[in-house]
Amino acid sequence: MSLSELSGNLEPAVPSGLPDPTQLALLAQDFFDALPGAASPPSGAAGPSSIGASRPPALVTSSPLVSSGVAPSPELRPQAASPALDQAPRTPIAPLAPPSPSVASRTPWSDERHPSPAQMAPVLPPANTSPTSTPGSFYFLDYASGKSQSGASRRGPASPRADDRVSARPEALPGASSLSHLLQSDPRIAPTLKSSDSAHTPAADWHNPILRARHASALQLDVEAVRRDFPILSERVNGQPLIWFDNAATTQKPNAVIDRLSYFYQHENSNIHRAAHELAARATDAYEGAREIIRRFIGAQSAEEIVFVRGATEAINLVAKTWGAKNVGPGDEIIVSHLEHHANIVPWQQLAAQNHARLRVIPVDDSGQIRLDQYLALLNDRTRIVAITQVSNALGTVVPAQEVIAMAHARGIPVLLDGAQSVSHMRVDVKALDADFFVFSGHKIFGPTGIGALYGKRALLADMPPWQGGGNMIADVTFERTIYHAPPTRFEAGTGNIADAAGLGAALEYVENIGIEKIGEYEHALLGYATHLISQIPEVRIIGTAAHKASVLSFVLDGYTTEEVGQQLNRVGIAVRTGHHCAQPILRRFGVEATVRASLAFYNTCAEVDKMIEVIKRLRRERR
């Protein structure tokens, strides 16, 4: 199928260039009977070819094999329902495992009282076994690598399906590259694939960089296994399966996080520090263990540089009202960019008004990227701090943070980096960046709401006055004086959000188990796929076209308000954000007051993108 056909026709169809369905069914049956790594047939037994020739052709049914965005081969359309093979005659490869955490969703707390993630890893059956299966409850294994391609539900067999629920399909073709190679090499099928019309062969589409990148990423990330880790993705909205494209506002939570919160309240619930009983020790271990996980995740030197806060907003306010109040005076300047979320504008405005300082703004170009030349011109002897986002929540622009920080440090100016939108999409290493402050929110990276972290260099935190007063942050109190603890405890007055801190640690370990680079690569390919399709609609204007973007697609549709577009998408179960996204200055820079924002995560799929594109095309037709 050509690329133009791919973007212009979203109706299910069998792509051109595929072999006859009967031939494909025949070959796939042989493929399943002789998996890579399986024992050879016994002497005298019929081999795959003879078996295939002696039985009637398998029926071909319709099944959304590519709903995860994982195409069995580059010849299959990513958004259409694709032919599936009748599975009745074959022996299932592996049964659905009993309740146990998948590799991606291991419960990530561990000490001498609890099993470690390694101890909780599932045990895969050996390649030469043929276990009994429950119909419809099995997954496929790549025996060559010993890795589950689709994983197993960590909650065991599914309960009876209710009308308002939809279950993710556990089936997926094994080894897309292996199947593709088998199709090419089999003498019964290969001639069919070698069409003389080169413009319509699968190879022609494969040269498209978007499809190639998407396919390469899909082979490295088992999206359906990931999706089964997120129970809310089984919800229905208005009778349709939920499609969550509002990840820049908040991300959904995997079972690893949900289970961790439940475990805390069942087995560890207590206030932390100082108590002499067992539960206090467990709760303290959970809280301080999460601090260490955060340190490791962002590459900080010490856990003492990590302060628990409610989220990125509170973290920025903490710095502005402690470090800022002490170091910014009359006539001084604070630099932010045009891309900032209100949370990285308002606290600095308040500080500037209170201390008679001035707020300076780095402009952006027409693509939505900051102007480094203009930024350099803003830096001067009166600049006291630079506070800048790493990724724009409204446009998805990835700011060159390392250059921004280096340019400020050349003049001895500290930098606060807002990582609320970056931490779930890319590797963050605060030591490599040399950031002075770094902030992020847990709920943006698959963790609970109401918890986040502030990283600050040890010397800076030690020089900052307390943020709030109360228990936990004091060493000694008399009516005449108070002696405060050293950071980070100095900034954590009162009872902290202990359970959600543990939940945040679980979320970060979940991401670590999958691999943040793998997540970023998949999301980048998915964004490229969505951008390519939506850019083919003339009435759509994309807001934010920087060369380097995270997975945010912000747009407006001629003839419709953003709210109308959002409502139409909601009718078919698609959740997007409409409005100004708490970033009014940057939207006004592009002449709009609001956009439709589809923000993607690694549990989203090409099929979900296709459904959104279908709605937008329908709206366009209705107003023409």
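The values are calculated or read from the model by the stated rules, or taken from the named source; none is laboratory data. None of the values given here were measured: they were computed from a predicted structure. Glycine gets a Cβ as well: all are built from the backbone with ideal geometry, and neighbour counts include every protein chain shown. Note: accessible area is taken over every heavy atom of the protein model, side chains too, but ligands, DNA and RNA are not part of it. Shrake-Rupley method; radii C 1.70, N 1.55, O 1.52, S 1.80 Å.
Right, Ala312: of a type in the set (Gly, Ala, Ser), crowded, with 23+ Cβ neighbours inside 10 Å, over 21 Å from Ile272 (Cβ atoms) and under 22 Å from the mean Cα position of the chain (by Cα) or not?
Numbers: of a type in the set (Gly, Ala, Ser): yes; crowded, with 23+ Cβ neighbours inside 10 Å: yes; over 21 Å from Ile272 (Cβ atoms): yes; under 22 Å from the mean Cα position of the chain (by Cα): yes.
In short, yes.
Any residue that is among the basic types (Lys, Arg), open to solvent by less than 20 Å² (accessible area, probe 1.4 Å) and in contact (Cβ under 8 Å) with a residue 12 or more places away in the chain - is there at least one of those in the stretch 260-268? Give the steps one after another, and end with the answer.
Going residue by residue through the stretch 260-268, those that are among the basic types (Lys, Arg) are 260.
Subset that is open to solvent by less than 20 Å² (accessible area, probe 1.4 Å): 260.
Now narrow it down to the ones that are in contact (Cβ under 8 Å) with a residue 12 or more places away in the chain: 260.
Yes, the stretch 260-268 contains a residue that is among the basic types (Lys, Arg), open to solvent by less than 20 Å² (accessible area, probe 1.4 Å) and in contact (Cβ under 8 Å) with a residue 12 or more places away in the chain.
Kindly provide the set of residues from the stretch 315-340 that are more than 25 Å from Arg490 (Cα to Cα) and surrounded by fewer than 22 Cβ atoms within 10 Å (Cβ to Cβ), ordered by number.
Going through the stretch 315-340, the residues more than 25 Å from Arg490 (Cα to Cα) turn out to be 330-340.
The answer is Pro330, Gly331, Asp332, Glu333, His338.
Test of understanding: among Arg291, Arg274, which residue is farther than 25 Å from Arg384 by Cα and touching a residue at least 12 places away in the same chain (Cβ under 8 Å)? Steps first, answer last, please.
On the way: Arg274 fails: touching a residue at least 12 places away in the same chain (Cβ under 8 Å).
Checking each option against the conditions leaves just Arg291.
Hey, could you check the stretch 581-595 for residues that are part of a loop (DSSP other than H, G, I, E, B) and touching a residue at least 40 places away in the same chain (Cβ under 8 Å) and say which is least open to solvent (accessible area, probe 1.4 Å)?
Kept after step one, since they are part of a loop (DSSP other than H, G, I, E, B), are these residues of the stretch 581-595: 581-583, 590-594.
Those still in the list that are touching a residue at least 40 places away in the same chain (Cβ under 8 Å) too: 581-583, 590, 592.
Details: His581: 17, Cys582: 57, Ala583: 0, Phe590: 24, Val592: 21 Å².
Only one residue fits best here, namely Ala583.
Given the options Glu563, Glu608, Glu614, name the one that is assigned to a helix (DSSP H, G or I), modelled with pLDDT of 95 or more and buried (at least 17 other Cβ atoms within 10 Å of the Cβ). Break it down into steps so the answer makes sense when it comes.
Details: Glu563 fails: buried (at least 17 other Cβ atoms within 10 Å of the Cβ); Glu614 fails: buried (at least 17 other Cβ atoms within 10 Å of the Cβ).
Glu608 is the lone residue from the list that is assigned to a helix (DSSP H, G or I), modelled with pLDDT of 95 or more and buried (at least 17 other Cβ atoms within 10 Å of the Cβ).
Is the stretch 290-299 home to any residue that is open to solvent by 60 Å² or more (accessible area, probe 1.4 Å) and part of a helix (DSSP H, G or I)?
To start, the set of residues in the stretch 290-299 that are open to solvent by 60 Å² or more (accessible area, probe 1.4 Å) comprises 292, 296.
Narrowing the set further to residues that are part of a helix (DSSP H, G or I) leaves 292, 296.
The answer is yes, given that some residue of the stretch 290-299 is open to solvent by 60 Å² or more (accessible area, probe 1.4 Å) and part of a helix (DSSP H, G or I).
Is it the case that the stretch 230-245 has a residue that's touching a residue at least 40 places away in the same chain (Cβ under 8 Å), under 30 Å from Tyr455 (Cα atoms) and among the charged types (D, E, K, R)?
No - not one qualifying residue is present in the stretch 230-245.
Could you grab the pairs with beta carbons closer than 7 Å, sequence gap of 6+ or different chains, first residue in the stretch 494-515 and outside any loop (DSSP other than H, G, I, E, B), second one open to solvent by less than 30 Å² (accessible area, probe 1.4 Å) and of a type in the set (D, E, K, R)?
Taking only residues 6 or more apart or on different chains, the pairs are Ala502/Arg260; Gly503/Arg260; Ala506/Arg260.
Tell me which of these Thr578 doesn't satisfy, since it passes every other one: (1) touching an Asp or Glu at 6+ places or on another chain (Cβ under 7 Å); (2) open to solvent by 10 Å² or more (accessible area, probe 1.4 Å); (3) more than 15 Å from Ala248 (Cα to Cα).
Result: Thr578 fails condition (3) only.
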